[in-house]
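Remarks on the structure that follows.
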Amino acid sequence: MDYESGIFVFQNQEYWLYMKNNFLKHTHKHEDLLGILYYVNNTEILVDSGKYNYDYQSEIRKYIISESAYNVPFIKQHQGSSLKKNKFATSIHENTQETLHLNATNITDIYSINRNVIYLKKFKTLIIIDQFHTQKDETFVSNFIFNPDITINHINDKTYSIDEPGLIFKSLFNNINMLDKSNKHDNWISYKFNKITKTNKLIIESRGTDSRHVNLIVSKEFENINIKIEKKKLKSVLKKKIIILQYSKLNRGV
């Protein structure tokens, strides 16, 4: 486990989870704070979008370094702001034989984003909870960028299958939009310098002043599990009430 400078890495024989919430210098900085990478049984699931090149006029590079190209929560009206005077914090809330729970925040005077990443080890389930709060009506986004070598298939408006590793991606509350490899824009990654690859991207959006996105990546072995979310009110730095989500016991469904 490595958590120096706000970078957390956890792994065992079944999974590898990386979460970033800090950087050592501004040089070539990408907008990937609060981002995660996720491997299951040595297969990349959620991937890093790479560097592409250092041509600052390149439209592809502008996309590759933006929040839109990473597994991050962000607010559309404030894209590109995380290199400014934002306050970031990350903590290991829990790491036991049963549960790994990471918490990260991105806070300014006008908005807050809180991300809880929970891995339930017994049930091979990754839960990503993104909570947003702003002072006015805005658009909230949670991105998920997938390995281009795996197949993503639509099941319903809130569910997709990740076929080769045998996983299910679920949104508990919001519909999911997909940009697949046929899309001409906004779904590139760059494994090699100056080269791009089309991939698949799932996007969850909502609008308002307070919103939450709860998404799961779960093994098909446990796809019928029931998840209960408890609400807890806390004061934010904006002196207003926001809702932070916690999880309760997980049980097999029917």
Completion exercise
Cross-link reach from Lys198 to aspartates and glutamates, straight Cα distance under 14 Å and at least 8 residues apart if same chain, gives Asp48, Asp149, Asp180, Asp186
Practice task
Leaving ligands, DNA and RNA out of it, work out the accessible area of Trp16 with a 1.4 Å probe and give it in Å² to the nearest 10.
Solution key: 60 Å²
Exercise for the section: Determine, for each peptide in 109-115, 150-156, 68-74, the mean count of other beta carbons within 10 angstrom over its residues, then list the peptides with the highest first. Expected result: 68-74, 109-115, 150-156
Handout entry: Out-of-range pairs (alpha-carbon distance over 31 Å; input Lys51/Lys228; Lys20/Lys228; Lys20/Lys181; Lys62/Lys121; Lys121/Lys192; Lys51/Lys170)
Key = Lys51/Lys228; Lys62/Lys121; Lys121/Lys192
Problem - For segment 64-134: rounded, prolate or oblate by the Cα gyration tensor [a/c cutoff 1.5] - result: prolate
Handout entry: Phi to ³J(HN,Hα) by Karplus 6.51 cos²θ - 1.76 cosθ + 1.60 over segment 208-223, Hz, x for Gly, Pro
Key = x, 10, 9, 7, 9, 10, 10, 10, 10, 10, 10, 4, 4, 4, 10, 5
Practice task
Could you tally the net charge around Leu126, taking each other residue with its Cβ under 15 Å from the Cβ of Leu126, Lys/Arg +1 and Asp/Glu -1?
Solution key: -1
Handout entry: Cα-based convex hull, segment 97-147, per residue volume (Å³, whole number)
Key = 93 Å³
Problem - Interchain or long-range residues, amide H under 5 Å from Asn194's placed H - result: Tyr52, Asn53
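The values are calculated or read from the model by the stated rules, or taken from the named source; none is laboratory data. Because the structure is a prediction, the values reported are computed rather than measured. Reconstructed Cβ throughout: ideal geometry from the backbone, glycine too, with neighbour counts over all protein chains shown. Surface areas here come from the heavy atoms of the whole protein model, side chains and all, with no ligands, DNA or RNA. Shrake-Rupley method; radii C 1.70, N 1.55, O 1.52, S 1.80 Å.
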